[in-house]
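These notes concern the structure reproduced below.
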Amino acid sequence: MNDLLGVVDWSRALFALTAMYHWLFVPLTIGLSVIVAIMETIYVRRGDKRWLAVTKFWMTLFGINFACGVATGIILEFEFGTNWSNYSWFVGDIFGAPLAIEGILAFFMEATFVAVMFFGWNKVSTRFHLASTWLTALGVSLSALWILVANAWMQNPVGMEFDPSQMRNVMTDFVQVAFNPVAINKFFHAVFSGWVLASVFVIGVASWMLWKRRNAEAMRMSLKVASWFGLAGIVLTFYTGDGSAVQVARVQPMKLAAMEALYEGKPGQELVCFGFVNPDKKPGDGLPAVNCEVSIPYGLSVLANHDAGAFVPGIDDLIAGRYITQNGDTVNTVSYAERITMGKKARQALRDFGAAEKKGDRQGMELARAELKANYKYFGYGYMSSPEEAVPPVALTFYSFRIMVIAGGFLLLLFMFVLFATYRKVSLLEKSWLHWLGIFSIPVVWICSEAGWVVAEVGRQPWTIQDLLPRNAAISSISAGSVQATFWVFTAIFTALLIAEISIMLRYINKTSKANLLP
């Protein structure tokens, strides 16, 4: 048992390590590809060679980051087979289909046109090169789309049916999987957040150049594009974030409860702006969940349901299967204890089906199949011994959500201020404090981006597939020691890769700053 727990914990740590390192590169690739395309479009429309020089500068930084993102992404996909083979088998062709499309369509599209983008300046026409740059940006976003379709299916499994003969889920409706509302919202939220991150990156690098008093004109041109693009990105990120809250309330209410450290819900639920999670709080103990709380009245009801009077269930409500109407009437739904019972029935029915199939007992197979179908919705709960096991880490989810929102608010103000300085108060661009503000914003936006993924993934624990497969049933049959060794090896490799990328970028930026970038 201890080795099993070790395999689960170390496999989770390894996947989290790979995913978070990978996400250092992905949003910059998504956003910077569009910024480069916008700059090249300005060059083609105006015929101004200065914009060509600026485009090539940022395109080189895009290329450095693109290569590092590909390396970490490939490793991430391999881990599904090496560390999570039970999961890979259980999801059948559902999870594999979007990843296959991503590799065949999006990745090859990126690889084809990125070559033209970098090496075709004097080999193809100006407009064909511009089209290649935009198609590269489109390919990057399409790559993110199919990966997020796969991830969204884990959060909201749709378009499938469990086949006991194969002991796996099979896809019944590809359209439902591809257009999963969680996937669509998650895709746009991720892409727009990539716009924000890349814009802040451009502002930060430009601020450093301005602080050094080098290539000031080129950097002011870059700031105009980045501030407009970033402002559009942050507004759209907030909008899709609102959509994410609605989807989470609908399909993952326990995640929403953990985000708010909410145990006892009520109609007209307030939204916690600030507070400290009580580390001793347990479900049903009656202790306060958040200390020093500062809240917005009705805020969570509006956020989750767009209705100030709506009931938002807390952790205790969900465990008890309790729902309260706006009239104050209590309605009983399926409690977590009942879900565990139904899950165990589903698991037993699956075993009965296998035994009947082995004997050639058709009637027994049909009876077991019917019992499995009736209880399959909560199949994953059958691996649990108590309802409390279905509660995610509340404190980490709660604080990560607030870090993301606070950092997002800071970035909104940053874009507005840089726009003001660029168009109305150009003299501000010579102030050292503004330069340092731009440089400081670079780590802030990455922290914001990573915090968002922590909320999304930690908040859905303990599930690999929501309600169907917990993490302890999804792992491979390997030793904890081998996973632990891999974790430390990958830590060293990924850290070296990150250091190499930063070093190469800094050398290139420093080299460019010493020369006259504009013709």
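The values are calculated or read from the model by the stated rules, or taken from the named source; none is laboratory data. Note that the coordinates shown come from a computational prediction; the quantities given were computed from them, not determined experimentally. Cβ sites come from the backbone with ideal geometry, for glycine too, and all protein chains shown count toward neighbours. Calculation scope for accessible area: heavy atoms of the full protein, side chains included, ligands and nucleic acids excluded. Shrake-Rupley method; radii C 1.70, N 1.55, O 1.52, S 1.80 Å.
Show the residue pairs meeting these rules: Cβ distance below 7 Å; 6+ apart or different chains; first residue within segment 103-117 and at pLDDT below 80; second residue of a type in the set (F, W, Y).
Once the first residue is at pLDDT below 80 and sits in segment 103-117, its partners that are of a type in the set (F, W, Y) give A106/W146.
If you take the residues of segment 269-299 that are aliphatic (A, V, I, L, M) and touching a helix residue (DSSP H, G or I) at 6+ places or on another chain (Cβ under 6 Å), which of them is farthest from L256 (Cα to Cα)?
In this case the residue turns out to be V277.
When residues of segment 155-182 are filtered for being surrounded by 16 or more Cβ atoms within 10 Å (Cβ to Cβ), touching a strand residue (DSSP E or B) at 6+ places or on another chain (Cβ under 9 Å) and free of Cβ contacts under 8 Å to residues at least 24 places away in the same chain, how many remain?
Adding up the residues that qualify gives 0.
Of the residues that make up segment 366-379, is at least one in contact (Cβ under 8 Å) with a residue 12 or more places away in the chain and not in a helix (DSSP H, G or I)?
The answer is no; no qualifying residue exists.
Search segment 336-348 for residues that are among the basic types (K, R) and pair each with any residue that is buried (at least 18 other Cβ atoms within 10 Å of the Cβ) when their beta-carbon atoms are under 6 Å apart and the residues are at least 6 apart or on different chains.
R339/Y378; R339/Y381; K344/G382; K345/N375; R347/G382
When residues of segment 301-326 are filtered for being of a type outside the set (D, E, K, R), open to solvent by less than 10 Å² (accessible area, probe 1.4 Å), in a helix (DSSP H, G or I) and within 21 Å of L287 (Cβ to Cβ), how many remain?
1
Test of understanding: among F440, F353, which residue is open to solvent by 80 Å² or more (accessible area, probe 1.4 Å) and more than 22 Å from P253 (Cα to Cα)?
Result: F440 is the single residue among F440, F353 that is open to solvent by 80 Å² or more (accessible area, probe 1.4 Å) and more than 22 Å from P253 (Cα to Cα).
Pairs under 6 Å by beta carbon, first residue open to solvent by less than 60 Å² (accessible area, probe 1.4 Å) in segment 477-495, partner among the acidic types (D, E), six or more apart or different chains?
Pairs found: A480/D3.
Against the definition (buried (at least 21 other Cβ atoms within 10 Å of the Cβ), within 24 Å of the chain's Cα centre (by Cα) and either of a type in the set (S, T, N, Q) or on the phi > 0 side of the Ramachandran plot (or both)), how does T55 come out, yes or no?
No.
Scanning for something in a helix (DSSP H, G or I), surrounded by 17 or more Cβ atoms within 10 Å (Cβ to Cβ), among the β-branched types (V, I, T) and touching a residue at least 40 places away in the same chain (Cβ under 8 Å), does segment 80-92 turn up at least one residue?
no
Results for (1) more than 20 Å from V277 (Cα to Cα); (2) in contact with a strand residue (DSSP E or B) (Cβ under 9 Å, 6 or more places away or on another chain), shown as yes or no for each residue.
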site: A390; (1), (2): no, yes
site: A395; (1), (2): no, yes
site: E430; (1), (2): yes, no
site: V444; (1), (2): yes, no
site: I447; (1), (2): yes, no
site: T464; (1), (2): yes, yes
site: L469; (1), (2): yes, yes
site: A480; (1), (2): yes, no
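So if I check each of Q247, Q252, Q269, which one is in contact with a Leu (Cβ under 8 Å, 6 or more places away or on another chain) and more than 30 Å from W58 (Cα to Cα)?
Going through Q247, Q252, Q269 in turn, just one is in contact with a Leu (Cβ under 8 Å, 6 or more places away or on another chain) and more than 30 Å from W58 (Cα to Cα): Q269.
Among A115, A144, A137, A152, which is in a helix (DSSP H, G or I), open to solvent by less than 50 Å² (accessible area, probe 1.4 Å) and more than 25 Å from W453 (Cβ to Cβ)?
The conditions single out A115.
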